[in-house]
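J.: Got a structure for you, questions after.
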Amino acid sequence: MANVRVTYDKTVNAAYVYFIDPKVRARSAYVYPCDPVDVDGMINLDFDEQGRLIGIEVLAASSKLPEYLLESAERLDNQGA
């Protein structure tokens, strides 16, 4: 199973799950915002130019993602340093 990179910023309670090789610099060509009412928050799906899913942005991450995932995520805020 491949490792998936996850970053988390507790200050803004946002996480990002990457589905690309960290060495590859893929840019998002299209963002599909999931309906905030349907998912009870905001989740954005990022796609590259070929239409491949490259990552998921999760706002209000502490209520959407498992605690173990956020605890093991790469921290982007000062609390994780």
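The values are calculated or read from the model by the stated rules, or taken from the named source; none is laboratory data. This structure is a prediction, so every number in the text was calculated from the model and none was measured. Quick note on the areas: whole protein, heavy atoms, side chains included, nothing else; ligands and nucleic acids left out. Shrake-Rupley method; radii C 1.70, N 1.55, O 1.52, S 1.80 Å.
J.: Taking all protein chains in place and a 1.4 Å probe, what share, in percent, of the accessible surface of the chain do carbon and sulfur account for? Could the numbers behind the result be given before it?
T.: Details: 3090 of 5910 Å².
Carbon plus sulfur share of accessible area: 52 percent.
J.: At a probe radius of 1.4 Å, what is the per-residue accessible area of ASP21, in Å² to the nearest 10?
T.: 70
J.: Could you tell me which label, among [x] 36, 34, 24; [y] 39, 27, 23; [z] 44, 28, 22, carries the value of Cα extents along the principal axes in Å calculated for this structure?
T.: [x]
J.: Any idea what the relative contact order of the chain is, in percent, if you count C-alpha pairs under 8 Å spaced at least 6 apart? Numbers along the way, then the final one.
T.: Numbers: 139 pairs, mean separation 28.4, N = 81.
Computed over the chain, the figure is 35 percent.
J.: Sticking with this one: Find the accessible area per residue for the stretch 13-81; the probe is 1.4 Å, ligands and nucleic acids are left out, and the unit is Å².
T.: Values: 4890 Å² over 69 residues.
Computed with neighbouring chains in place, this is 71 Å² per residue.
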